[in-house]
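The values are calculated or read from the model by the stated rules, or taken from the named source; none is laboratory data. Predicted, not measured: the structure shown is a model, and the values here were computed from it. In this analysis, Cβ positions are derived from the backbone assuming ideal geometry, glycine residues included, and neighbour counts consider all displayed protein chains. SASA here: full protein model, heavy atoms, side chains in, ligands and nucleic acids out. Shrake-Rupley method; radii C 1.70, N 1.55, O 1.52, S 1.80 Å.
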Amino acid sequence: MNTFIDYLDQFNVLSPNHAKIYDEYTQKSDTYLFSIPTRVEQYLADVFVKQPRSIIMTGNAGDGKTRLCRSLYEMLTNKQLEGWPKEGIIDVTYEGGTVRIVKDLSELTESVIYTELLRLQSSVANAHADRVYYLIAANEGKLTKFLSQYPELKPLADAVGARFIDHLNNNDRLHLVNLQDVTSSIYADRIFEEWNQEKYWGACDECPAQKKCIISFNHRKMVQPGVRDKLIEQYRLLDCLGIHVTMREILIHASYTITGGLTCSTVLQADYSAIEQQAERAYYNNFYGVQMPDVSTGEMGAVRYLTRLDPGQLSISSIDDFLLNGDISGDPAIVEQHSNLFEEDIDLLFGYFRKRIEQYRTLDPEQDHAQLFDQMPRFRRKFFFECGEQGNEMRQSQLPYNYYYRFAECLMKPQVHAIIRRDLMHGLNQAFAKKLIIRPNAPVLYAVNENLLIHGVYLGPAVKLAVESQRDDIDHMPSRLILSVQNSIKLEVRLPVFEYLLRLSGGGLFMTLRQEVEILLSTFKNDLINNSELDEFALSVLALDADKGVYDMHNINIEI
């Protein structure tokens with residue numbers, strides 16, 4: 001029996017012992033208590049020791065606000081916090097002054113919230129002359145709504161609002177940390193790495209059921225750097241979509257990915273039919289919640305988003321052909337790759353599915369091949385994570401976003417921005433006009449309305465492309481681009497916008513992803529038009545060039 005697997009089961013929302021997902025029920029005496037390093041935790045420690053100021057932390061439930069409050073308390077006092085007082089507020093006196101820690105603003109009464117925020121506002125205005133500093137954990141909606149209800153709190157409301165708009169508005173008096181800006185893939189990587197360390201899995205080596213244990217199989221696969229990198233790549237894709245996954249959701253999801261909701265007891269007691277069912281709990285199925293009961297999806301926010309990326313649901317002829325016929329391709333490298341993929345391990349029932357594929361190719365009328373085709377999504381997921389370098393190009397086509405890797409390259413390499421900027425500008429022209437626009441020799445952006453009247457023409461140098469700024473207060477990787485026109489009108493370019501515009505630039509249709517980006521692009525277009533001025537004696541329009549079959553700019557002089 002591996003007691004670490006019982007520990008992971010405490011993160012299973014269907015388990016009666018799932019309290020470990022809440023900081024309030026975590027004890028220092030827990031055998032497998034772990035803590036991944038986070039930049040925000042170090043930032044809080046540095047600020048209050050070196051340059052004290054008041055800090056407001058906002059985020060979703062599960063982002064770790066309570067744990068961070070506990071961590072700061074224990075760092076400043078050098079002792080364990082046994083429990084939060086009923087009022088949820090603790091004053092900690094240390095060399096730098098006093099830190100007033102408010103664990104959760106939402107738990108306080110209206111009158112107490114008013115008193116504490118008014119005192120915070122006064123302390124900030126007086127540059128903390130009394131050396132009392134706040135650390136407040138709050139829900140963003142609750143905080144902003146409360147501040148808006150009281151005119152006397154307007155200075156604090158304005159300061160908080162400015163910091164939500166741009167973290168650069170923080171200063172040495174008041175700092176707002178929005179934990180929704182944390183890059184989820186960073187925490188996911190650290191958690192997956194931590195829980196797959198060999199120090200937790202030594203007991204499995206002595207287990208007589210190891211070869212038939214899907215949990216052990218999942219660990220052995222996920223410990224491989226190539227597999228784990230691809231798991232984290234899926235989280236990174238969520239980052240680029242602007243989707244934030246909380247720390248709690250990552251912990252629950254990571255636990256389920258490894259165990260599939262199983263324990264040592266269920267594996268040891270399994271007969272052959274149970275083993276066949278447990279084989280469905282391979283990590284590549286668990287990662288997308290394939291066998292997950294609907295009742296657990298409320299806490300499984302990660303699965304709610306990752307399901308949309310499931311490579312098993314996309315049938316690509318070259319991949320399906322490899323899965324069914326790769327071992328008879330005649331290419332030694334492909335044969336070897338197929339053999340490595342369809343190994344005799346528990347997830348494919350010790351070679352059973354490979355034999356079913358061989359039977360399928362014989363066209364044996366006595367065999368029912370429906371079961372084999374029901375397993376194709378499983379094979380595609382396994383290929384996605386385990387194909388190796390040789391199949392990486394095919395694997396990339398399993399992503400629902402064709403330009404994800406190009407987007408990721410833009411985030412890392414500013415030298416490719418010139419080429420990408422040109423494609424984005426052409427895509428914007430197509431999106432604004434809803435027509436096929438001729439691609440000019442030099443990059444140009446038209447501020448054009450639905451009647452094809454051009455309000456403004458912006459040449460390449462007026463359009464800039466940049467990566468969002470780095471952060472020093474939280475774990476954050478740039479996940480979006482900023483397209484700016486004349487340094488004033490800006491468009492946030494996340495992956496959906498990037499994908500939509502580059503598809504249009506390459507001749508794609510206007511329908512794919514349109515609902516996700518239409519409002520954002522319409523706002524950007526209207527801002528461009530409002531910032532432009534029409535010449536009252538000369539108009540520019542987009543008109544059809546009958547010879548070329550595309551729209552081009554034409555000038556019309558108005559004579560009076």
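Does any residue of the range 275-286 turn out to be touching a Leu at 6+ places or on another chain (Cβ under 7 Å), farther than 28 Å from Asp181 by Cα and open to solvent by 20 Å² or more (accessible area, probe 1.4 Å)?
Within the range 275-286, one or more residues are touching a Leu at 6+ places or on another chain (Cβ under 7 Å), farther than 28 Å from Asp181 by Cα and open to solvent by 20 Å² or more (accessible area, probe 1.4 Å).
Return yes when His455 is in a helix (DSSP H, G or I), crowded, with 18+ Cβ neighbours inside 10 Å and either at pLDDT below 95 or out of contact with any Phe, Trp or Tyr (no Cβ under 8 Å at 6 or more places or on another chain) (or both) and no when it is not.
no
How many residues does the range 68-82 contain that are touching a residue at least 12 places away in the same chain (Cβ under 8 Å) and either more than 15 Å from Ile136 (Cβ to Cβ) or in contact with a helix residue (DSSP H, G or I) (Cβ under 7 Å, 6 or more places away or on another chain) (or both)?
Qualifying residue count, the range 68-82: 8.
What do you reckon, is Ala137 at pLDDT 95 or above, in contact with a Cys (Cβ under 8 Å, 6 or more places away or on another chain) and under 23 Å from Tyr94 (Cα atoms)?
yes
Find the residue count for the range 180-190, including only residues that are open to solvent by less than 30 Å² (accessible area, probe 1.4 Å) and in a helix (DSSP H, G or I).
Residues in the range 180-190 being open to solvent by less than 30 Å² (accessible area, probe 1.4 Å) and in a helix (DSSP H, G or I): 5 in total.
Could you look through the range 191-214, keep only residues that are touching a residue at least 40 places away in the same chain (Cβ under 8 Å) and either open to solvent by 70 Å² or more (accessible area, probe 1.4 Å) or in a loop (DSSP other than H, G, I, E, B) (or both), and pick out the one that is nearest to Cys69 (Cα to Cα)?
This residue is Asn196.
Name every residue in the range 334-367 that is aliphatic (A, V, I, L, M), closer than 23 Å to Val227 by Cα and open to solvent by 40 Å² or more (accessible area, probe 1.4 Å), in order of residue number.
Ile334, Val335
Which of (1) surrounded by fewer than 15 Cβ atoms within 10 Å (Cβ to Cβ); (2) at pLDDT 95 or above; (3) closer than 22 Å to Asp239 by Cβ is the odd one out, the single condition Gln515 does not satisfy?
Result: Gln515 fails condition (2) only.
Considering only residues that are touching a Phe, Trp or Tyr at 6+ places or on another chain (Cβ under 8 Å) and at pLDDT 95 or above, which ones fall in the range 201-216?
Within the range 201-216, Trp201, Ser216 qualify.
Can you find a residue in the range 494-505 that is under 30 Å from Arg39 (Cβ atoms), in contact with a Leu (Cβ under 7 Å, 6 or more places away or on another chain), modelled with pLDDT of 95 or more and not in a helix (DSSP H, G or I)?
Yes, that holds for at least one residue.
List the pairs whose first member sits in the range 83-98 and is farther than 17 Å from Arg67 by Cα, whose second member is assigned to a strand (DSSP E or B), and whose Cβ atoms are under 8 Å apart, counting only residues at least 6 apart or on separate chains?
Partner pairs satisfying both residue conditions: Gly96/Tyr133; Gly97/Val132; Gly97/Tyr133; Thr98/Asp91; Thr98/Val92; Thr98/Val132; Thr98/Tyr133.
Mind checking which residues of the range 467-492 are of a type in the set (Asp, Glu), part of a loop (DSSP other than H, G, I, E, B) and touching a helix residue (DSSP H, G or I) at 6+ places or on another chain (Cβ under 8 Å)?
Hits for the range 467-492 are Asp472, Asp473, Asp475.
Considering only residues of the range 498-512 that are in contact with a Lys or Arg (Cβ under 9 Å, 6 or more places away or on another chain) and either surrounded by 19 or more Cβ atoms within 10 Å (Cβ to Cβ) or among the hydroxyl-bearing types (Ser, Thr, Tyr) (or both), which is farthest from Tyr401 (Cα to Cα)?
Ser505
How many residues does the range 163-179 hold that are surrounded by 14 or more Cβ atoms within 10 Å (Cβ to Cβ) and part of a helix (DSSP H, G or I)?
Result for the range 163-179: 5.
For the range 215-242: of the residues being open to solvent by less than 30 Å² (accessible area, probe 1.4 Å) and of a type in the set (Val, Ile, Thr), which is farthest from Phe342 (Cα to Cα)?
Only one residue fits best here, namely Ile232.
Would you check which residues across the range 287-305 are among the aliphatic types (A, V, I, L, M) and either at pLDDT 95 or above or open to solvent by 50 Å² or more (accessible area, probe 1.4 Å) (or both) and list them?
Val290, Val295
Taking the criterion of being in a strand (DSSP E or B) and open to solvent by 10 Å² or more (accessible area, probe 1.4 Å), would at least one residue in the range 519-527 satisfy it?
no
For the range 90-133, name all the residues that are open to solvent by 40 Å² or more (accessible area, probe 1.4 Å), under 20 Å from Thr58 (Cα atoms) and part of a helix (DSSP H, G or I).
Ser106, Glu107, Glu110, Val112, Tyr114, Thr115, Leu118, Arg119 - these are the residues of the range 90-133 that are open to solvent by 40 Å² or more (accessible area, probe 1.4 Å), under 20 Å from Thr58 (Cα atoms) and part of a helix (DSSP H, G or I).
Test Ser71 against the stated conditions and say whether it is over 33 Å from the mean Cα position of the chain (by Cα), outside any strand (DSSP E or B) and of a type in the set (Gly, Ala, Ser).
No: the conditions fail for Ser71.
Enumerate the helices (runs of 4 or more DSSP H) found wholly within the range 368-448, keeping only those where 2 or more residues are surrounded by fewer than 17 Cβ atoms within 10 Å (Cβ to Cβ).
370-374, 392-396, 404-412, 417-433
Counting only residues that are outside any loop (DSSP other than H, G, I, E, B) and either among the hydroxyl-bearing types (Ser, Thr, Tyr) or more than 25 Å from the chain's Cα centre (by Cα) (or both), how many does the range 304-348 have?
Qualifying residue count for the region: 27.
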